[in-house]
1. If I go through segment 52-95 residue by residue, how many of them are in a strand (DSSP E or B) and within 23 Å of Pro40 (Cα to Cα)?
2. Return yes or no: is Asp71 modelled with pLDDT under 95 and of a type in the set (Asp, Glu)?
3. Suppose we keep only residues that are open to solvent by 40 Å² or more (accessible area, probe 1.4 Å) and assigned to a strand (DSSP E or B) within segment 1-21. Which one would you say is nearest to Ala48 (Cα to Cα)?
4. Conditions first: (1) of a type outside the set (A, V, I, L, M); (2) under 14 Å from the mean Cα position of the chain (by Cα); (3) at pLDDT 95 or above. Gly14 passes all but one, so which condition is the exception?
5. Taking the residues in segment 73-114 that are out of contact with any strand residue (DSSP E or B) (no Cβ under 6 Å at 6 or more places or on another chain) and of a type in the set (Ser, Thr, Tyr) as candidates, determine which candidate is surrounded by the fewest Cβ atoms within 10 Å (Cβ to Cβ).
6. Taking segment 48-78 on its own, how many of its residues are under 24 Å from Gln2 (Cβ atoms), aliphatic (A, V, I, L, M) and out of contact with any Leu (no Cβ under 7 Å at 6 or more places or on another chain)?
7. In segment 23-41, how many residues are over 19 Å from Arg65 (Cβ atoms) and not in a strand (DSSP E or B)?
8. Consider only pairs whose beta carbons are under 6 Å apart and that are at least six residues apart or on different chains; among these, list those whose first residue lies in segment 27-54 and is open to solvent by 40 Å² or more (accessible area, probe 1.4 Å) and whose second residue is hydroxyl-bearing (Ser, Thr, Tyr) and modelled with pLDDT of 95 or more.
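The values are calculated or read from the model by the stated rules, or taken from the named source; none is laboratory data. These figures come from a predicted structure and were not determined experimentally. Cβ: placed from backbone, ideal geometry, glycine included. Neighbour counts: every protein chain shown. Only protein heavy atoms, including side chains, enter the accessible area calculation; ligands, DNA and RNA are left aside. Shrake-Rupley method; radii C 1.70, N 1.55, O 1.52, S 1.80 Å.
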Amino acid sequence: VQLQASGGGLVQVGGSLRLSCAASGIILMIRSTGWYRQAPGKQRELVATMSRGGTTNYKDSVKGRFTISRDNARKTVYLQMNSLKPEDSAVYYCNAWKMNNEYWGQGTQVTVSS
C-alpha cells in the first residue's frame, strides 16, 4: 500500500483546507485510515481516524471543526479542516492499517497564520 498526501498549504486563521490521501496498491483488508500531525518539537499525534466500517474518532481539539471522510471508488481519504487555528499548524500525515501492518504517507505542511 502506498499513500500519497496532498492539499496542505498556508491559510489564515478561520480558514479551511481539505487534505487528500490517495491509496494505491492492494488496498483490500485495510481496516482503518487516519490522519496524524506533528508540530516542530512535538510528538506525532492522532487527529482523526475512520474504521473500515465508517466509525470515526477525533482528537478533542478538532471535534466540530475537522471531518474525515472516504471515497472508496477513488481510494482516497479526506480531512476537511474548517475554522483553522494557529495551533493546527503542523505536518499532516495519512496513515493506514492493513492486517497488522501500518503504512504512512509523506507529510503535507499546514500553516495557519494569525
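1. The initial filter retains those residues of segment 52-95 that are in a strand (DSSP E or B), namely 56-58, 66-71, 76-81, 90-95.
With the extra rule that they be within 23 Å of Pro40 (Cα to Cα), the set shrinks to 58, 66, 79-81, 90-95.
Within segment 52-95, residues that are in a strand (DSSP E or B) and within 23 Å of Pro40 (Cα to Cα) number 11.
2. On the way: modelled with pLDDT under 95: yes; of a type in the set (Asp, Glu): yes.
It is true that Asp71 is modelled with pLDDT under 95 and of a type in the set (Asp, Glu).
3. Applying the first criterion (open to solvent by 40 Å² or more (accessible area, probe 1.4 Å)) to segment 1-21 yields 2, 4, 6, 10, 12-14, 16, 18.
With assigned to a strand (DSSP E or B) added as a condition, the list becomes 2, 4, 6, 10, 12, 18.
Values: Gln2: 19, Gln4: 17, Ser6: 16, Leu10: 21, Gln12: 22, Arg18: 13 Å.
The selected residue is Arg18.
4. If we test Gly14 against (1) of a type outside the set (A, V, I, L, M); (2) under 14 Å from the mean Cα position of the chain (by Cα); (3) at pLDDT 95 or above, just (2) comes out false.
5. Ser114
6. Looking only at that region, the number is 3.
7. Qualifying residue count, segment 23-41: 7.
8. As it stands, the answer is Tyr36/Tyr93; Arg44/Tyr36; Leu46/Tyr36, since those pairs meet every condition given.
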